[in-house]
1. Stretch E125-V17 to full length: gain in nm at 0.36 nm per residue minus the Cα-Cα span?
2. Might you tell me the accessible area per residue for segment 53-134, computed with a 1.4 Å probe and given in Å²?
3. Provide, in order from the shortest bin, the percent of all Cα-Cα pairs of segment 50-111 in each 10 Å bin, continuing until the bin that contains the maximum pair distance.
4. Using 1/(1 + (r/R0)^6) with R0 = 35 angstrom and r between the beta carbons of T35 and D9, what's the FRET efficiency to the nearest 0.05?
5. Once both labels are modelled 7 Å past Cα along the beta-carbon direction, what's the R103-V58 spacing in nm?
Amino acid sequence: RVDKAGIGDKGRKLMRVLRPDMPISPAERAVPTGTPQGNLWRSMQKLRSFMPTDLVGVSSTPTVPVTLEYATAYCQVLTRAGYLKIERKALPGKREAIYRLIRNTGPQAPVLRRIRAVVDPNIGEIVHVAGGML
């Protein structure tokens, strides 16, 4: 555990050790999270194949909850945009579809906009527009 002690030569930050024996609180250990889309995207990058239920289980946090409906819709849009491939089709009321990430363009999640388009901030392009042509 450290605290800022000032600025040293060449603009370097000087830090001082507070109490090395002080326990770390769970809040300090928590991984920062951002948006449901960002959490889903990171989960998709780590999992080999997944169902929306799997994504909800690993993407939801106390501060950023992810619903099954949102995860399902996000998977469907990314499939239409060419980021995901369906490995097993869903049977409504019986089983969910299984997806696989086939287009990993970087750490930032493709963003679903109100115009129903998928924007990839990693390559700076609109990848898919629902009901329209690019």
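1. Additional length available on full extension: 34.3 nm.
2. 63 Å²
3. 21, 54, 23, 1
4. The computed FRET efficiency comes out at 0.30.
5. 2.2 nm
The values are calculated or read from the model by the stated rules, or taken from the named source; none is laboratory data. The structure presented is a predicted model; accordingly, all values stated were derived computationally and were not measured. Reconstructed Cβ throughout: ideal geometry from the backbone, glycine too, with neighbour counts over all protein chains shown. Just the protein is used for accessible areas: all its heavy atoms, side chains included, with ligands, DNA and RNA removed. Shrake-Rupley method; radii C 1.70, N 1.55, O 1.52, S 1.80 Å.
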